[in-house]
Amino acid sequence: MSGSKISGCNEAIALSRRGLLGGAASLSLWGFLPKSAFAGTRDPRLLTVILRGGLDGLALASPAGDPDLVRLRGRSAVTAAGEGAGLPLDGFFVLNPAMPFLHGLYQRREALVVHAVATPYRERSHFDGQDVLESGLAGVGRADDGWLNRALSKLETSGKANPRALTNAQKGLAMGAVVPLVMRGSAPVMSWIPQTFGTPLRESTIARLMDLYAQTDPALAKAFADGIALDKVALTDAAMAAPQHGAVPPQGAMKEFVETAEAAARFLGSVDGPRIGVLSYNGWDTHANEGVLKGQLANRLAGLDAAIKAFADKIGPAWKDTVVVVVTEFGRTARINGTDGTDHGTATCALLVGGAVKGGRVIADWPGLAESALHQNRDLKPTRDLRAVLKGVLRDHLSMSDRVLGETVFPASGGVATLDGLVG
């Protein structure tokens, strides 16, 4: 993690006024965290993880008890017994065997699965599907901000708060080179860029920039200083967490994602750090050679499992007040195609993990996999709106009102009932 960068802008390599003050990095003051956030009993953290490409929910949490599963999936079905059997969940669903850590969280009631879930989007474009997922709108349309940033801008507090903690908690955290749509908007956002995106600034360069901005643009100077301060937290923590006694860090495709999850945990777990963040994990578009049990999808799921573990390990005591939401733009087809893959589908599953989750459950109004039950004769039919899940987390974890959720965070969603009982 040495050499990673964080800044108050979308492009940390090019520190410009436009990058720092425009869009998601706007420095206009937003409302604070809920009244209980700094009361000493709760200090909620929320991380949203977006799996880009369309997650095969039938492979992650397989309905092994559905009699039509093997008919549709053949040797790619994750079943309850036999070679490559899934890890048992509730007697009907099993978890992909590539995710043992998630299974352990489920057994400890710190993880749950919401199945047969989808956004309002019903077409098959990645770009439009991700826009609907991140904008929180009821359909495809022009969106300049996302539901998570709108939630940040509407959080409220009352009473006295720790001033130092409150100042940093007023900022969202975006992990990556570009702030995603879900985190763009009026609430200020810091972005952290992994080492792979460039070389860190030298101390002499930082000093010159600080002096220049202090003389020409106080707002820009403050944003730059905040970014540098948070980056020092990451570098210090990374040095303290260096592998000991010959331990081998994660390798291959999952390495950057696991390191990003670790960094997110350090920021969100810090007493003085931000409280709400987002990161993305690419590569879920499995049209060919999907490899549900051994291959590309199994490897991706193992990477996701490792990232969840890294986050849980590194966030420390804040884990008890944490919810991690794992979502994707749409699912995959119920049938395996002619190239041992799956095409763009509709319903899938979402995951909630964390010490604040009322877990150990699969929540599903299961539609079944019979031919007559499939959406458009090809997809798992959606029976729950993803916005209901997100509303449940935001209301019960961050104390947001149903009115704000239905009118502002997810516009025109008053008819989508908030899902109760997700958070303890």
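The values are calculated or read from the model by the stated rules, or taken from the named source; none is laboratory data. Quantities reported herein were computed from a predicted structural model and do not represent experimental measurements. Using ideal geometry, Cβ is built from the backbone for each residue, glycine included, and neighbour counts are taken over all protein chains shown.
Taking interchain pairs and intrachain pairs at least six residues apart, which have beta carbon atoms under 9 angstrom, with the first residue in region 75-91 and in contact (Cβ under 8 Å) with a residue 24 or more places away in the chain and crowded, with 16+ Cβ neighbours inside 10 Å and the second hydroxyl-bearing (S, T, Y) and assigned to a loop (DSSP other than H, G, I, E, B)?
Final answer for the pair search is S76/T342; G86/T79.
Only residues in region 42-56 that are more than 26 Å from N299 (Cα to Cα) and modelled with pLDDT under 95 count as the first member; pair them with residues that are surrounded by fewer than 23 Cβ atoms within 10 Å (Cβ to Cβ) and polar (S, T, N, Q), Cβ under 7 angstrom, at least 6 apart or cross-chain, and list the lot.
Cβ pairs passing all conditions: R42/S36.
All but one of (1) under 18 Å from V324 (Cα atoms); (2) in a loop (DSSP other than H, G, I, E, B); (3) in contact with a Phe, Trp or Tyr (Cβ under 9 Å, 6 or more places away or on another chain) hold for R387; which doesn't?
(2)
Which numbered condition in (1) under 27 Å from L72 (Cβ atoms); (2) surrounded by fewer than 20 Cβ atoms within 10 Å (Cβ to Cβ); (3) among the small types (G, A, S); (4) under 19 Å from the mean Cα position of the chain (by Cα) is the only one that G295 fails?
G295 satisfies every listed condition except (4).
Of the numbered conditions (1) modelled with pLDDT of 85 or more; (2) surrounded by fewer than 24 Cβ atoms within 10 Å (Cβ to Cβ); (3) of a type in the set (S, T, Y), T157 satisfies every one except a single condition; which is it?
(1) is the only condition that T157 fails.
Under 6 Å by Cβ, and 6 or more places apart or on different chains, what pairs join a residue from region 390-414 that is in contact (Cβ under 8 Å) with a residue 24 or more places away in the chain with one that is of a type in the set (A, V, I, L, M, F, W, C) and part of a loop (DSSP other than H, G, I, E, B)?
Correct list of pairs: G392/L419; G392/L422; V393/L422; L394/M400; A412/A138.
Please find, among P249, P274, the residue that is modelled with pLDDT under 95, in a loop (DSSP other than H, G, I, E, B), touching a helix residue (DSSP H, G or I) at 6+ places or on another chain (Cβ under 9 Å) and within 30 Å of L155 (Cβ to Cβ). Before the answer, list the steps.
On the way: P249 fails: within 30 Å of L155 (Cβ to Cβ).
When all the criteria are applied, what remains is P274.
Restricted to region 92-110, and to residues that are surrounded by 14 or more Cβ atoms within 10 Å (Cβ to Cβ) and charged (D, E, K, R), which residue is farthest from D313 (Cα to Cα)?
Out of the qualifying residues, it is R109.
Taking the stated definitions as given, is A302 in a helix (DSSP H, G or I) and crowded, with 23+ Cβ neighbours inside 10 Å? I'd like the intermediate steps shown before the answer.
Values: in a helix (DSSP H, G or I): yes; crowded, with 23+ Cβ neighbours inside 10 Å: no.
Here the answer is no, as A302 does not meet what is asked.
For region 390-424, what are the residues that are part of a helix (DSSP H, G or I) and polar (S, T, N, Q)?
The first filter runs over region 390-424 and keeps only residues part of a helix (DSSP H, G or I), leaving 390-398, 402-409.
Of everything in region 390-424, just one residue is part of a helix (DSSP H, G or I) and polar (S, T, N, Q), namely T408.
Counting just the residues of region 312-334 that are touching a residue at least 60 places away in the same chain (Cβ under 8 Å) and more than 23 Å from L386 (Cβ to Cβ), which one comes out surrounded by the fewest Cβ atoms within 10 Å (Cβ to Cβ)? Reasoning before the result, please.
Here is the first cut: in region 312-334, the residues touching a residue at least 60 places away in the same chain (Cβ under 8 Å) are 312, 314-315, 318, 321-332, 334.
Within this subset, residues satisfying the condition of being more than 23 Å from L386 (Cβ to Cβ) are 312, 314-315, 318, 321.
Values: A312: 21, K314: 21, I315: 26, A318: 21, D321: 19.
Top of the filtered list is D321.
Could you check region 388-420 and list, in sequence order, the residues that are touching a Pro at 6+ places or on another chain (Cβ under 6 Å) and hydrophobic (A, V, I, L, M, F, W, C)? Write out each step before concluding.
We begin by selecting, within region 388-420, every residue touching a Pro at 6+ places or on another chain (Cβ under 6 Å); these are 397-399.
Residue satisfying the conditions is L398 alone.
Quick test for you: out of D365, D343, pick the one residue that is in contact (Cβ under 8 Å) with a residue 12 or more places away in the chain, in contact with a Ser or Thr (Cβ under 6 Å, 6 or more places away or on another chain) and more than 28 Å from V393 (Cβ to Cβ).
Matching residue, one of D365, D343: D343.
Restricting attention to region 350-381, which residues are farther than 22 Å from R45 by Cα, buried (at least 23 other Cβ atoms within 10 Å of the Cβ) and under 23 Å from the mean Cα position of the chain (by Cα)? First the steps, then the outcome.
Initial filter on region 350-381 (farther than 22 Å from R45 by Cα): 362-381.
This time we only want the ones that are buried (at least 23 other Cβ atoms within 10 Å of the Cβ), so: 379-380.
Selection gives L380 alone.
Select, from V292, V362, the only residue that is in contact with a strand residue (DSSP E or B) (Cβ under 6 Å, 6 or more places away or on another chain) and outside any helix (DSSP H, G or I).
Values: V292 fails: in contact with a strand residue (DSSP E or B) (Cβ under 6 Å, 6 or more places away or on another chain).
On inspection, the qualifying residue turns out to be V362.
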